[in-house]
1. Taking the Cα-to-Cβ direction at residue 169 and at residue 200 and moving 7 Å from each Cα, how far apart do the two end points lie in nm?
2. Could the peptides 148-157, 188-197, 25-34, 89-98 be put in order, highest first, of the mean number of other beta-carbon atoms found within 10 Å of their residues?
3. Divide, for region 170-209, the radius of gyration over alpha carbons by 2.2 N^0.38 Å, where N is the residue count.
4. List the lysines whose Cα sits under 20 Å from the Cα of residue 95, skipping any in the same chain fewer than 8 residues away.
5. Work out how much length residue 44 to residue 137 would gain on full extension: take 0.36 nm times their residue separation and subtract the Cα-Cα distance, in nm to one decimal.
6. Give the calculated FRET efficiency between residue 33 and residue 56 to the nearest 0.05, with a Förster radius of 25 Å applied to their Cβ-Cβ distance.
7. Once you have the Cα-Cα distance between residue 236 and residue 188, take 0.36 nm times their residue separation minus that, and quote the gain in nm to one decimal.
8. Considering only protein heavy atoms and a 1.4 Å probe, what is the carbon-and-sulfur percentage of the accessible area of region 153-244?
Amino acid sequence: MIDDQAVLDIALDDDVDAEIERVLAMISPQELQRLQNRLQQLFQLQYSETDSHPHNIKTIIKGRDIQFSRGVSPASRAFMILHSLGHYFFICAAKRKNIERYSYIYDLRGVQAALHYYETAGQSNGLDEPPPMTEQRRKDRVSFEVGANRFAADLLAHIGFEHVAQLLRRYEIGDINYILDVSRGGKAAIVPSDRDYLRQYICAGLSIDPADAYDDGVYSPDAFRPDGIDWQHIEDIKLEIHFF
């Protein structure tokens, strides 16, 4: 006798696998290379690979240095590069406008244990538990992530890769949910692979509350400046972006 639920589960798995393949097809390895070359020319980025990072982190970005784990797909690599540059633009725009609401999210000076809780959990210099995800912290984080993608989309338009902005939009909601889960759950919430990230978050049909993504003026349609990244400021705040 065939189990109807098992048949349904297989069908749903097939649907997710098909959606993952559609996401992966949004950018080819050759187009990723062209994008990387253009961004390297603009910002002197340095790309490298390693077999793996601690804690199943998929990519670590520090300043201009971007180090992927080998199993990260071209689509996810493109998102990670662009999203990080979007964060840099956002952070520097906030500094120019004297908006400090988000600084506790990204300024590592003296707060590394809170920012990367999953790295220091259980250690003498760590926190006993993750910082509480209050309603305001959730709204700050969602707004910060959405704002970064808006700057990244403007960057894409500036360099003639407008069509890649659809990839940013495709990743946005799932990635925000993943960030919130890891912020609440620490290491236990980090998925093993890029494929798991795509399956459990990017292609899982998740949502966010649109009211969480409010903007207080850091991003505006005229806020993007091609020279808007203050690289010395990015270095000063000791920012290190981890894609789990």
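The values are calculated or read from the model by the stated rules, or taken from the named source; none is laboratory data. Note that this is a predicted model, so its numbers are computed, not measured. All Cβ positions, even for glycine, are placed from backbone atoms using ideal geometry, and neighbour counts span all protein chains on display. Ligands, DNA and RNA are excluded from the accessible area calculation, which covers all protein heavy atoms including side chains. Shrake-Rupley method; radii C 1.70, N 1.55, O 1.52, S 1.80 Å.
1. Simple spin-label model gives 2.8 nm for this pair.
2. Working: 148-157: 22.5, 188-197: 16.1, 25-34: 13.7, 89-98: 18.9.
Peptide ranking by packing, descending: 148-157, 89-98, 188-197, 25-34.
3. Working: Rg = 9.5 Å, N = 40, 2.2 N^0.38 = 8.9 Å.
Here the answer is 1.06, to two decimals.
4. 62, 139, 238
5. Numbers: separation 93, 0.36 × 93 = 33.48 nm, distance 3.32 nm.
Gain on extension, residue 44 to residue 137, equals 30.2 nm.
6. Working: r = 26 Å, r/R0 = 1.03.
It comes out at approximately 0.45.
7. Numbers: separation 48, 0.36 × 48 = 17.28 nm, distance 3.06 nm.
Length gained between residue 236 and residue 188: 14.2 nm.
8. Working: 2110 of 4220 Å².
Answer for region 153-244 is 50 percent, counting heavy atoms of protein chains only.
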